[in-house]
1. Over chain A, what is the percentage of antiparallel beta bridges among all DSSP beta bridges, to the nearest 5?
2. What's the local net charge at A:ASN74, with K and R +1, D and E -1, over the other residues with C-beta under 13 Å away?
3. Cα axis of helix A:10-20 to longest principal axis of chain A: angle in degrees, 0 to 90, nearest 10?
4. Given 5 Å bins starting at zero, what is the percent of C-alpha pairs of chain A in each, up to the one with the largest pair distance?
5. Which whole number gives the average, over all residues in B:244-256, of C-beta atoms from other chains lying within 10 Å of the residue C-beta?
6. State the volume of the convex hull built on the alpha-carbon positions of segment B:10-101, expressed per residue in Å³ and rounded to an integer.
7. Any of A:LYS58/B:LYS17; B:LYS13/B:LYS154; A:LYS8/A:LYS70; A:LYS8/B:LYS154; B:LYS58/B:LYS154; A:LYS8/B:LYS17 with alpha carbons more than 31 Å apart? Name them for me.
8. Using Cα pairs closer than 8 Å and at least 6 residues apart in sequence, work out the relative contact order for segment A:115-260, in percent.
2 protein chains.
Amino acid sequence: METITSAKNEQLKHLSKLLSQAKARRLHKQTVLEGVHLLQAYLQAGGMPIRVYIPEHKRQTPEISALLAKLSENQQIPVASGILAKISGLTDAEEILTLIDIPTAPPLPEHGDCVVLDRVQDPGNVGTVMRSTAAAGIKQLILSNDCADAWSPKVLRAGMGAHFLLTICERVDLSAWCPSYQNPIWATALSQHNEHHLYDMTLTEPAAWVFGNEGSGIRPDILDKVDGCVRIPMAGQTESLNVAMAATVCLFEQLRQRLP
Amino acid sequence: METITSAKNEQLKHLSKLLSQAKARRLHKQTVLEGVHLLQAYLQAGGMPIRVYIPEHKRQTPEISALLAKLSENQQIPVASGILAKISGLTDAEEILTLIDIPTAPPLPEHGDCVVLDRVQDPGNVGTVMRSTAAAGIKQLILSNDCADAWSPKVLRAGMGAHFLLTICERVDLSAWCPSYQNPIWATALSQHNEHHLYDMTLTEPAAWVFGNEGSGIRPDILDKVDGCVRIPMAGQTESLNVAMAATVCLFEQLRQRLP
């Protein structure tokens, strides 16, 4: 395989577009994993990359050559040292880019545990919620319009491989979805009526958890359709937790209640 | 009060140094709060700023003029529009900078609930842990050497005002502190011996929680001195939570057990 020596190479220009443009990711149904850790998590979850772009000297390291052993020769594209760092946010030390297919979204869940985000816009928050979701053993994730793009580099980085353990439905009309879902839907929000304290709830049965936008929370028309609002008890004068921490608290309380 | 019209003004140069240099913050025992939200949280917690720098047109808005009503005239320094954005990471829309004294560190706690960070380096993580700590009703925070500087702009931003609800001891020699602390010390770490599952523990008595570096965890010489290692049960194949989420899970489990 010929070594790519210029960032202007057509393949690298394609990677660069996928890294920077949500539109390109959607059009091609592809994204790019940056760094070794995500490639490792992807392979471990049974994923098969389209191609891995990697400097020749990195292929020799034991850790990476063990990973690449799972791939055929023509899935491995050698790139001159320093070129990949030009098109990604990676430092030289980590440079390895993996082109993958974005999995086809499954049908919207009608039951079973799931996590639902309403317009959560910070990529770090979306990725962190994904990590908590996977760690709490939940497999279904639903994102509304105006959430950070799940397959963007920043969300992938914060997710630390959680993406490959979840089924992800994006750009979902939550208002239409709510009535179709058969189990209870809990929203973390303050409410005048129908409010539950998290630690008084029984969370042993399947349910959906909705977490909302960093500033404005969950939209009222969605709140109208949920089964209850959940308040996380807090000590002291703190006004709130951020959305990723709130999700972590709720999902781990659910996990705790279900432990044998 | 004369309006400051240049970023080269001596006072603004001082703010700029405090914003960018840990050394300057330490030398002057001062830091700078960026934006309205932190000023509001600071005043609400009973803090008294040295000076507030603000564009004239912003002082007229009802929200801000209510805040400034608590300050004397000479604590309010008018600055021409657009100047403050030049020395801080703020957008024009938010521009307001507050110069405050960094509180003198109290003596190291010998008992009572506290949270201890060992070389947690990401400012977002340190700030988020502070927010969880305050939300869980804990008032004492201890940071080792090589933690992100608690009073840096990034940590302040992530802390969302938690700083003003905590007593903070920085650059602490944890190895020396551990033996002086009278209540149990729990470390979130995997361990061959002396390991507890979080949800099997009784957490109603005062204790210290130690959380470690993002990559390498807690140093072995500190682990040797704690009373037990705590494992957070996880479902699925996820390898770990990030440090801020792990802290949130532990501190809220403690809070849950102590609720009336």
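1. Taking every DSSP beta bridge within chain A, about 25 percent pair in antiparallel fashion.
2. For residues surrounding A:ASN74, the net value is -1.
3. The angle comes out at about 20 degrees.
4. 1, 6, 13, 16, 16, 13, 10, 9, 7, 5, 3, 1, 0, 0
5. Working: counts 5, 12, 3, 2, 10, 11, 1, 3, 14, 4, 0, 6, 6.
Mean number of neighbouring Cβ atoms from other chains: 6.
6. So the per-residue hull volume is 92 Å³.
7. A:LYS58/B:LYS17; A:LYS8/B:LYS154; A:LYS8/B:LYS17
8. After rounding, I find 29 percent.
None of the figures in this text is laboratory data; all of them are computed from the coordinates on show. Source: prediction; values computed, not measured. Don't worry about glycine lacking a Cβ; one is built from the backbone with ideal geometry, like all the others, and counts go over all protein chains shown.
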